[in-house]
Amino acid sequence: MRRGALRTAVAFAVLAAAAGCSSLDNLNPFGGSSSKDVAVDPNLVPANFKAEIIATIPKVYYDPSGIHDAYYSDPVIRPDTGVTVYQSCVRLNPRGPDGQYLGDREYIAYYYGGHLSQFFRATDDRCAKAAYRPFPEIERLCAPNVKNKKVCP
């Protein structure tokens, strides 16, 4: 029995050594080559940033209908903040769970490789230098199918 265990151990050692020499570590289970092979430029200009923000708002607010005073700033790289990727700001006045307006809320969006990677409440004066533009697309958002609420057509 000890001899069988020794054979099994040797077989596993040989397989492990062979696996280490193979190119299986470059396979991507989702198709295509591994992300190790493709370098991503972190500072690609975010071409569809508005659409990505619009898609994110319903994840931040359960009922995005009735948002007022929505504004955005174009993505820029601001070296003075210590962040070296594109960033933009969004300001809006959402409704709370009771239907009352909460007042202006500012969010900062960070983009990596041309896509939205982080979206969260802006603190301090991160958006103080933002050049805001109207964002009516957010004001036209509607709620998912929520009882007694406006729903998307």
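Report for the range 49-139 the percent antiparallel among DSSP-assigned beta bridges with both residues inside it, nearest 5. Walk me through the numbers on the way to the answer.
Values: 20 of 20 bridges.
Among the beta bridges of the range 49-139, antiparallel pairing accounts for roughly 100 percent.
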statement: Going from the fewest other Cβ atoms within 10 Å to the most, one would list PHE49, PHE120 as PHE120, PHE49
Length released on extending from ALA39 to TYR101, taking residue separation times 0.36 nm less the Cα-Cα span: 17.9 nm
query: Where does each of THR84, THR56 land when they are ranked from fewest to most other beta-carbon atoms within 10 angstrom?
result: THR84, THR56
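Values quoted throughout were computed directly from the atomic coordinates according to the rules given, and no laboratory measurement underlies them. Remember, predicted model here, so these are calculated numbers, not experimental data. No Cβ is skipped: glycine too gets one built from the backbone with ideal geometry, and neighbour counts run over all protein chains shown.
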